[in-house]
Amino acid sequence: MSMPLLTASDLVGGYRPGLPILHGAGIQVSAGEFVALIGPNGAGKSTLMKAIAGIVPIWSGQVELAGRVVTNTPPHRLAEAELAFVPQTNNVFTSLTIDENLRLGAAALSRGQAGQALARSYEAFPDLTRFRNVPARALSGGQRQMLAVARALLTSPKLLMLDEPSAGLSPLMVSDVFSRLKALVHDGVAILMVEQNVKAAFSVADRAYVLTEGRNRLDGTPEHLSAMDEIVELYLGGGGRKH
Amino acid sequence: MLFQVLADGILTGSIIALGAIGLTLTMSVLRFPNFAHAELITFGAYIALAVLGLTGAFMGPLAPLSFGLPLILATVVAMAATAVLALLIDRLVYRKLRARSKKMTVVFGSFGVSLLVRMSILLVFGGAATYYSTALQRAIRVGGLFRVMPDQVFTLGLTIIIVVGLHLFLKFTRLGLAMRAYAENPQLVGIYGYDSERVLRWTWIIGAALAALAGVLYGLTVQIRPEIGFHLLLPLFAAAIMGGVGNVHGAVLGGLIVGLAESLSIYLIPPGYKMAVPFLLLLLILYLRPTGLFGSAKGAVR
């Protein structure tokens with residue numbers, strides 16, 4: 001295993017002072033690794049991701065990205081530090097066209113680089129080219145998700161964080177999105193993904209963390225976790241299946 | 001007679017439009033109606049007057065306009081000074097209120113700021129009416145139908161240039177895109193990698209600079225008094241809301257409609273009630289189409 005790209009340790013934080021949602025959660029992602037974050041509703045998975053992304057305040061603990069301490073760094077500075085984040089909902093600007101969304105997403109790059117990044121993006125997502133001058137509000141859920149991922153990739157991040165990329169998508173779209181993510185990891189991008197659909201997450205992830213009540217509960221490879229009774233019962237259809 | 005009334009209405013309307021553009025931008029991006037916007041207009045008018053007092057009218061007017069290079073210079077200084085004032089107000093008052101209180105608190109804060117600025121102007125410059133220039137202008141006769149002042153034609157032309165410029169700015173520059181984006185979802189702007197503080201800063205700068213410009217142009221057509229901005233407040237809000245909050249083109253059209261309605265009202269009501277016209281329009285629009293004449297998306301910058 002190579003040097004960790006992201007190390008978040010002992011994070012305590014939340015939206016309102018005095019009401020912590022994270023109670024010491026931590027996570028590690030190596031370069032080029034595909035890591036899934038699972039757990040019951042309200043476990044703090046999204047909050048953990050938002051805290052790393054600089055959106056939810058961290059009261060104690062530390063986030064280190066590629067050897068630099070980036071705890072509570074504003075999101076636009078993290079984009080420069082090669083971290084990209086795709087929120088679960090409202091992750092594109094619906095009043096802007098696809099092209100405008102991508103141009104704004106490439107704003108951290110120089111003009112020349114931005115032009116190239118946009119060209120690459122349209123090449124990788126031909127669907128977006130067809131609708132480039134259409135406001136994003138006219139897109140389907142799957143197309144929006146594509147746009148959100150395309151936008152996040154513009155700055156060629158080393159780490160891509162996705163909050164439930166499969167939410168609201170048809171099974172066909174989910175497998176499409178996941179195979180694209182798998183291809184990205186193959187190209188060397190590390191992915192950290194919150195996912196309710198544990199079966200789907202285990203099918204692509206190298207490793208997974210199980211979070212409950214803002215703390216780490218378990219972690220390991222999908223094979224290792226799938227063999228545990230607790231996981232089978234709660235998430236893999238042993239009992240009532242989630243999602 | 002009718003043509004004269006129409007021409008006057010369009011020209012008053014273009015000044016209202018200039019002020020309303022700034023108001024609609026700050027209202028949609030910063031998400032609160034800034035009642036102190038009117039005082040930015042007054043402030044701009046007075047700073048230009050002060051600069052003019054310092055430099056003197058060292059050159060004659062640029063015929064056929066009533067003003068010359070000194071006023072243009074003074075206007076540029078006024079726009080910059082008003083932008084600084086707006087940034088200062090945001091830093092000292094609005095930012096703190098935004099961070100820890102409800103939206104209504106910010107609105108009331110803006111009433112307070114409005115009073116403070118207006119009274120400070122009164123204190124420094126006095127309440128007497130003044131003028132940029134007492135030179136007489138010769139009106140241009142248009143086809144024997146109506147007469148316009150060269151300054152008014154200049155104002156209309158400048159408004160058109162600014163609207164086209166802003167349209168291109170919002171459509172093609174990164175900052176323009178970021179401003180439209182911020183109006184929809186402030187948090188996502190940072191996630192997209194754009195500094196949202198920069199968006200806030202430039203929204204104030206652009207809104208305040210346009211307010212100052214409107215102040216000077218208004219000062220050219222009427223007397224300059226500490227209440228000129230305050231008297232424009234209702235027409236500005238009527239125009240901005242009629243056009244749909246955040247809609248730059250809508251604000252211009254709204255401004256023209258308010259200006260025309262005001263001047264056409266002389267056929268129906270005594271001129272003394274002219275000031276009630278924007279109020280009636282505002283009531284009407286809020287009752288019939290609260291999202292504005294062209295508005296479907298609420299609060300988006302277009």
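One table, with the values for the structure above:
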| item | result |
| --- | --- |
| Those residues of the range A:36-77 which are in a loop (DSSP other than H, G, I, E, B), within 14 Å of another protein chain (Cβ to nearest Cβ) and not β-branched (Val, Ile, Thr), in sequence order | A:53, A:54, A:57, A:72, A:74 |
| Helices (runs of 4 or more DSSP H) lying entirely in the range B:168-262 (those with 3 or more residues that are more than 13 Å from chain A (Cβ to nearest Cβ)) | B:196-221, B:228-243 |
| Residue match in the range B:200-212 (condition: of a type in the set (Lys, Arg), surrounded by fewer than 21 Cβ atoms within 10 Å (Cβ to Cβ) and without any contact (Cβ under 8 Å) to a residue 60 or more places away in the chain) | no |
| Residue match in the range B:294-301 (condition: of a type in the set (Val, Ile, Thr), touching a Phe, Trp or Tyr at 6+ places or on another chain (Cβ under 9 Å), crowded, with 23+ Cβ neighbours inside 10 Å and under 23 Å from residue B:178 (Cβ atoms)) | yes |
| Test: residue in the range A:72-90 that is crowded, with 23+ Cβ neighbours inside 10 Å, out of contact with any Cys (no Cβ under 9 Å at 6 or more places or on another chain) and more than 18 Å from residue A:157 (Cβ to Cβ) | no |
| One residue from A:85, A:125 being more than 9 Å from chain B (Cβ to nearest Cβ) and out of contact with any Ser or Thr (no Cβ under 8 Å at 6 or more places or on another chain) | A:125 |
| Pairs, first more than 16 Å from residue B:198 (Cα to Cα) in the range A:67-83, second part of a helix (DSSP H, G or I), C-beta under 7 Å, six or more apart | A:70/A:78 |
| In the range B:33-69, the residues that are of a type in the set (A, V, I, L, M, F, W, C) and under 16 Å from the mean Cα position of the chain (by Cα) | B:35, B:36, B:38, B:40, B:41, B:43, B:45, B:47, B:48 |
| Test: residue in the range B:99-109 that is more than 23 Å from the chain's Cα centre (by Cα), of a type outside the set (Ser, Thr, Tyr), more than 26 Å from residue B:149 (Cβ to Cβ) and part of a helix (DSSP H, G or I) | yes |
| Selected residue [in contact with a Ser or Thr (Cβ under 7 Å, 6 or more places away or on another chain), of a type in the set (Gly, Ala, Ser) and under 24 Å from residue B:183 (Cα atoms)] from A:114, A:107, A:79 | A:79 |
| Selection from the range B:164-186 of residues that are over 30 Å from residue A:88 (Cα atoms) and touching a Leu at 6+ places or on another chain (Cβ under 9 Å) | B:166, B:169 |
| Any chance residue B:77 is more than 25 Å from residue B:153 (Cβ to Cβ) and in a helix (DSSP H, G or I) | no |
| Qualifying residues in the range B:127-180 (those that are over 30 Å from residue B:197 (Cβ atoms), among the β-branched types (Val, Ile, Thr) and surrounded by fewer than 15 Cβ atoms within 10 Å (Cβ to Cβ)) - the one nearest to the chain's Cα centre (by Cα) | B:160 |
| Out of A:157, A:165, sole residue that is closer than 28 Å to residue A:5 by Cβ, touching a residue at least 24 places away in the same chain (Cβ under 8 Å), within 14 Å of chain B (Cβ to nearest Cβ) and not in a helix (DSSP H, G or I) | A:157 |
| Odd one out for residue B:54, checked against (1) in contact with a Phe, Trp or Tyr (Cβ under 8 Å, 6 or more places away or on another chain); (2) surrounded by fewer than 24 Cβ atoms within 10 Å (Cβ to Cβ) | (1) |
| Tally of residues being surrounded by 13 or more Cβ atoms within 10 Å (Cβ to Cβ) and in a loop (DSSP other than H, G, I, E, B) across the range B:265-285 | 2 |
| Sole exception among (1) more than 20 Å from residue B:81 (Cβ to Cβ); (2) of a type in the set (Ser, Thr, Tyr); (3) within 13 Å of the chain's Cα centre (by Cα) for residue B:218, by number | (1) |
| Within the range B:101-118, tally of residues that are touching a residue at least 40 places away in the same chain (Cβ under 8 Å) and surrounded by fewer than 19 Cβ atoms within 10 Å (Cβ to Cβ) | 3 |
| Subset of the range A:107-132 [touching a helix residue (DSSP H, G or I) at 6+ places or on another chain (Cβ under 6 Å) and within 17 Å of residue B:169 (Cα to Cα)] | A:107 |
| Pair list, Cβ < 6 Å and 6+ apart or interchain, from the range B:259-280 residues that are in contact (Cβ under 8 Å) with a residue 40 or more places away in the chain to residues that are surrounded by 13 or more Cβ atoms within 10 Å (Cβ to Cβ) and polar (S, T, N, Q) | B:259/B:12 |
| Total residues in the range A:90-119, condition more than 10 Å from every other protein chain (Cβ to nearest Cβ) and farther than 12 Å from residue A:147 by Cβ | 8 |
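Only the coordinates and a few stated rules stand behind these numbers; no lab work does. Just so it is clear, the model here is predicted, and its values are computed rather than measured. Please note: Cβ atoms are built from the backbone with ideal geometry, for glycine as well, and neighbour counts cover all protein chains shown.
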